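The values are calculated or read from the model by the stated rules, or taken from the named source; none is laboratory data. Only a predicted model underlies this, so the values are computations on that prediction, with no experimental measurement involved. All Cβ positions, even for glycine, are placed from backbone atoms using ideal geometry, and neighbour counts span all protein chains on display.
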Amino acid sequence: MQELNKHVKSINHLLERYGVRFGIYKNGTFKEQLFPFDPIPRVIEHEEWVELEEGLIQRVTALNMFLKDIYGEKKIVKDGVIPPEFVFSSSGYLAACEGMVTPKGIASHISGIDLVKGNDGVWYILEDNLRIPSGASYPLIARDLCRTASPATFAHTPVEDNRDYAEMLFETMNYVNTGGLNVILTPGRYNAAFFEHSYLAEKTGTVLVYNTDLIVENDVVYLKTAAGNQRVGAIYRRTSDEYLDPLAFNPESLIGVPGLFQAMKKGNVAVLNAPGNGVADDKGIYYFVPKMVEYYLGEECKTHNAPTYLPYYEEDRKYVLDNFDNLVIKDVAEAGGYGVVFGSTLTAEKKADFIHAIKTEPRRFIAQEIIDFQDLDILDEDGVTPVPRKADLRAFVLAGETVRVWKSGLTRFSRDPNSSIVNSSQGGGFKDTWVLSR
Amino acid sequence: MGTVTLGKLDNLYWLGRYIERVYQSIHMYKSAYDKLIDKDSSVYEEECRKMGMANTFASAEDFAWGIAFDTENPLSIISNLYRAYDNAMIMRNEISSETLAYIHLALAEMKRGKISEAPLMELQNVEDLILAFWGCLDDKVDDEGIRNTVKVGRRIERLDIQLRREADRKALTREMRRLVSRINTTELPYNRVALLYAAAMVEDENAGYEDIKKMIWDIVPPFV
Amino acid sequence: MALHFSKAVEDQFFSMICLPVDTARQKVLELNTLVQPETVLNEDTDGFGNRKLYGCVREPHREFLLRTEGAVETGSALYEEWQDPADIGLVRYQVPTDLTAPGPVLQELFREWAAGAPEDPYGKLLYYGRLTGERIRYVPGTTDSRTTAEQAAALESGVCQDIAHVLIALLRMAGMPARYTVGLIPGEGESHAWVEANCRGYWYGFDPTNQLLVDEGYIKISHGRDYRDCMISRGIFKNPYALQTMEVSVSVAQAEE
C-alpha cells in the first residue's frame, strides 16, 4: 500500500491526462476543477465487507419495497409504521407517480448509501441517496490509473477488481429495458458530474444524450439519429425529477423531455432511477428505514442508523432541546452538506432561532448524535507526510435481477482538518476503496 | 452511422476545424517567432493582417505571447484549443477517452507554455500531441462516419486558412481534391452541389478567393 | 381555450386538465372536444383522478385552439364522493405546500379567528370561508400565479386562486383536509377556483371569493393540493423568440328543461 505513495507524481499526471474533473459554480460562473485524489486507499477487510454487503442488500431491498408500496397500496402507512405526514409532506413525494408501476417493480436501480465507520468499529449509515447518486466513475478510473502507475502494488495485494461497475450498470439497464436502446441522459456539459456521465456512457457502450436528442411520439421515446429515429428502452437519467418533463413536473424546465413521464407511465420506457424516489431518501424517512426492513422483510435490520431523533415526536423533541449542544441538526429539505449544523457551534441568537424553528416546524428537522468517526490518513500537501482527516464512504448498490453491492465505493475526505463535511462541492477529495478478496 | 445524434455531428465537425486551426497556427507561429528573435518587428503587423486581427499589441514580445497564450484573445492558439476541447469533451463516447486524452494533454502543455521561457518547446509538444490525436482517432474509432465528420472539418479548415493566406492555385487544388474524396466516402447530408462548384472554382483562374471561401462554407450545412 | 404565439412555433407539446369529471355531484352527459391544428388527443388520469388531455403539434403554427362543448347534469347531491376520514390519502390535503404554507401573517390570522370557530367541521368551512372572503378582497392584478397564500394574506387582496389558497391554509391549520378546486360557474368569463373540505367524510365545496356554498351552478373540472396540481394548461414549444398568451373563455348556461 505504501508503494502507491511513491507514485503520486505519475498518478497525478494520469489524472490530468484523463481530465478527471468535476464542475462547480463559484460566484455564478462555471469552473472545472480536478477532483483531488489521495493515493492512500481505504482498505476494507474481507469479513467486514461480507457483513456490510449483507446489510446494504437488505436495506436497498426494503427501500425498493417501500417505494413500490408508497405509490401503490401504502400498507406501511395504513399499518401505522410510518406517520402519513412524513410521506406526504416530503418534497420528494410526487403525487404524479401515484399508481405508477415501474418495469420489473424496481424504483431505485442505483443507490448510493453513505456510511462512516465509528471509532467503535461500527459502520453507521449517514444517508441513503436514491435519486441520482453520483461518484462511481471516480474510483473506477482511479483504480485503472493506479494499476498503470504501480502494477506491483496490485500484484501483491488481494484487492477485488472494481472495474466491473460499467458491466453491472449495463446489466441493470438491460434487465429493466422495455425494448430499444439504452441511453444516458445528461443535463449537459455544465453539470457538475458531466465527466461521470460521459465516462459511464463510454464504458457501458450506451449513448450519451441531451434532452433535445430525445423525442416522444404516442407515448414512445425515440432517439433522433443521423440514421433516423430509434426506439429507446431504458434511460439512465442524470436530470433531477423536477426537470425531467415540463409537462409533468416543473413547467419551466428547459432541460426536460416533454412527454417522457407519460411514456414511462404507460410502461414504454424504463427510467433509472424512477422519479418520486425522493420520498424514500428524505432525511425524515431515514429514521424509519430499520422499521421498514422489519416490516417488509420480517428481519432485523443489519445496517446501523446513527442515533436519530425526530422532533416530531414529543419525547424526541424534549431530548433534542435538552441536548441541543451535543447534536447535529439537519434540515430535511437541504442536500449536499448544506443545512447541516452542529448545535455547539451556533451563537446564542442563532440557537434561539433554530429552537424556535424546531418548535414551530418540527417535521422539518432531524437531530443526530455526533458520531465519533474514524479518521483516515491522507498525504499532506508536501506529498509525503500522512495526516488524519475525516472521511466517509459511498457504497453503490445496484438493483437489477438481483441486488448487488459494487465491491468498492467512493471514499471522500475533508481536506480541512477541522471539518467533517466531505462533499466535493465543499472542497473535499477522494480515495480509492479497496475491498480485500480474502 | 449508428446512433450518432444530429447535434453531435456539428460538434464533431467543429472539433476537426478547431484542432486543425491550432495545428496550422502553431506552424505559422513557429516561423514568425523565428523572425521575431532577430527583432524584425514588421513581421507581426503582417501576421495580424493575415489573421484578420486588429494590431493592438504594444511590442513584438507582447504579440508573441498574446497570439499564442492569451485566453482573453478569442483568436489566440490557446483559445482555439479550448474550443476544440469544448467540442471534444462532449464527444467522449464517440471518440473514446484515449483520443480525448490527447486534447487534455495538449491543454496542459499550452498552460505550461504560458509561463515558459522557451515556449516553442511546449508548442512543439502540442503539435506532436495533435498528430497523436489523429492517429488515435483512426485507431480507436470504429465508426467511419464519426472519423469522416471530424476529418471533413479538418480539410475545410485547412482550405479556409490557405485561402486566407492566399496560397497558390496548385496547393489549393491539391487540398480541394482531398476534400472531395473525403466527402465522397460519406453518406452525410453535405451540399454536394456547392462541393462541385468549389472544386471547379479552385481551378478557374478567374474565380476570386473570397468567392471560393463562401462556396466552401456552404458545403457543410448546420446539422441541427 | 386558445394559445396565441407571437411567432410561429413548432413541436408544441401540451397537457391540459380541462374536462369535467363524473362525481356524486355532477354527471357528464355529453362532451365534444375539438383541437386545432388537428392532432391526436391522448387522455389519461393524473395522480388526483383528474382527466388529462395531452398531445403534440409538430408543424409550425401561431394559434392553438382547444374547444370543448357539452352538457353536465348537476344537483344530484350537495357533496362529492364520501371519503373515509381515516383514509390516509386525506393527509395529502392536510400538509402545507409551497403555495399554501403559513407564515407569520397567516398564523396570526388563524390565532385571531380560531377562538370563535365552531366545533363542527362543516361549520368551520363556512366560518373560515366567510371570514376569508371578507378579509381578502377580490382585486385582479395585485397578484400572479406564483403568489403564495401568505403573500396574499399580507396584501389582503388577490384573485379567486389566492383567496382559495388562503382558505386552504387556514382549514389545514385547523386540522381539516382541504383541496383546491377548479371549475366553471354560470355566465361568461374565465375558469374559477374554490375550495373543498372533507367534513366527516363528505367533501363540501365553498366558494370564498363569492362567499357562496357550491351548488348546482358549479361544474367541477379538477382538484389537487393547490393551484399547481390543477393548472389548466402546461406546455412547451420550439422557438425561443415566441411569446405565448393564453386565453380561456368559458360560457355556462342552464339547459332548457
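Give the residue that is modelled with the lowest pLDDT, with candidates limited to residues of region B:170-224 that are polar (S, T, N, Q) and either in a loop (DSSP other than H, G, I, E, B) or in contact with a strand residue (DSSP E or B) (Cβ under 8 Å, 6 or more places away or on another chain) (or both).
My answer is B:Thr186.
Out of C:Asp98, C:Asp44, which single residue is without any contact (Cβ under 8 Å) to a residue 12 or more places away in the chain and within 9 Å of another protein chain (Cβ to nearest Cβ)?
Every option except C:Asp44 fails the conditions.
Would you check if there is a residue in region C:23-36 being β-branched (Val, Ile, Thr), assigned by TED's automatic domain parsing to the domain that holds C:Asn239 and in contact (Cβ under 8 Å) with a residue 60 or more places away in the chain?
Yes.
Assess whether C:Gly217 counts as being in a strand (DSSP E or B) and touching a residue at least 12 places away in the same chain (Cβ under 8 Å). Before the answer, list the steps.
Working: in a strand (DSSP E or B): no; touching a residue at least 12 places away in the same chain (Cβ under 8 Å): yes.
In short, no.
Inside region A:205-217, can you point out the residues that are more than 7 Å from every other protein chain (Cβ to nearest Cβ) and either of a type in the set (S, T, N, Q) or in a strand (DSSP E or B) (or both)? Steps first, answer last, please.
The initial filter retains those residues of region A:205-217 that are more than 7 Å from every other protein chain (Cβ to nearest Cβ), namely A:205-206, A:211, A:214-217.
Residues satisfying the conditions are A:Thr206, A:Asn211, A:Leu214, A:Ile215, A:Val216, A:Glu217.
Within region A:102-128, can you find the residues that are out of contact with any helix residue (DSSP H, G or I) (no Cβ under 9 Å at 6 or more places or on another chain) and either outside the structural domain of A:Phe22 (by TED's automatic domain parsing) or under 21 Å from A:Thr402 (Cβ atoms) (or both)?
Correct list: A:Gly112 only.
Can you name every residue in region B:196-222 that is under 20 Å from B:Arg17 (Cα atoms) and either in contact with a Gly (Cβ under 7 Å, 6 or more places away or on another chain) or among the small types (Gly, Ala, Ser) (or both)?
Of everything in region B:196-222, those that are under 20 Å from B:Arg17 (Cα atoms) and either in contact with a Gly (Cβ under 7 Å, 6 or more places away or on another chain) or among the small types (Gly, Ala, Ser) (or both) turn out to be B:Ala198, B:Ala199.
Report, by residue number, each residue of region A:82-131 that is under 15 Å from A:Met65 (Cα atoms) and more than 14 Å from every other protein chain (Cβ to nearest Cβ).
Those that are under 15 Å from A:Met65 (Cα atoms) and more than 14 Å from every other protein chain (Cβ to nearest Cβ): A:Thr102, A:Pro103, A:Lys104, A:Gly105, A:Ile106, A:Ala107, A:Ser108, A:His109, A:Ile110, A:Ser111, A:Asp128, A:Leu130.
Filter region A:14-31 for residues that are within 11 Å of another protein chain (Cβ to nearest Cβ) and either of a type in the set (S, T, N, Q) or over 25 Å from the mean Cα position of the chain (by Cα) (or both); which is surrounded by the most Cβ atoms within 10 Å (Cβ to Cβ)?
Applying the filter and picking the extreme gives A:Leu14.
Which residues, taken from region A:343-376, are buried (at least 17 other Cβ atoms within 10 Å of the Cβ) and touching a residue at least 60 places away in the same chain (Cβ under 8 Å)?
Matches in region A:343-376: A:Arg363, A:Ile366, A:Gln368, A:Ile371, A:Phe373, A:Leu376.
Among what's in region C:195-240 and is within 14 Å of chain A (Cβ to nearest Cβ) and farther than 25 Å from C:Ile136 by Cβ, pick the residue that is modelled with the lowest pLDDT.
Filtering region C:195-240 for residues that are within 14 Å of chain A (Cβ to nearest Cβ) and farther than 25 Å from C:Ile136 by Cβ, the one modelled with the lowest pLDDT comes out as C:Pro240.
Look through region B:69-111, keep the residues that are more than 14 Å from chain A (Cβ to nearest Cβ) and in contact with a Phe, Trp or Tyr (Cβ under 6 Å, 6 or more places away or on another chain), and return whichever of them is surrounded by the fewest Cβ atoms within 10 Å (Cβ to Cβ).
B:Asn80
Results for (1) in contact with a strand residue (DSSP E or B) (Cβ under 8 Å, 6 or more places away or on another chain); (2) within 14 Å of chain C (Cβ to nearest Cβ), shown as yes or no for each residue.
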| position | (1), (2) |
| --- | --- |
| A:Val221 | yes, yes |
| A:Arg237 | yes, no |
| A:Ser240 | no, no |
| A:Tyr243 | no, yes |
| A:Pro246 | yes, yes |
| A:Met264 | yes, yes |
| A:Gly267 | no, yes |
| A:Gly276 | no, yes |
| A:Ala280 | yes, no |
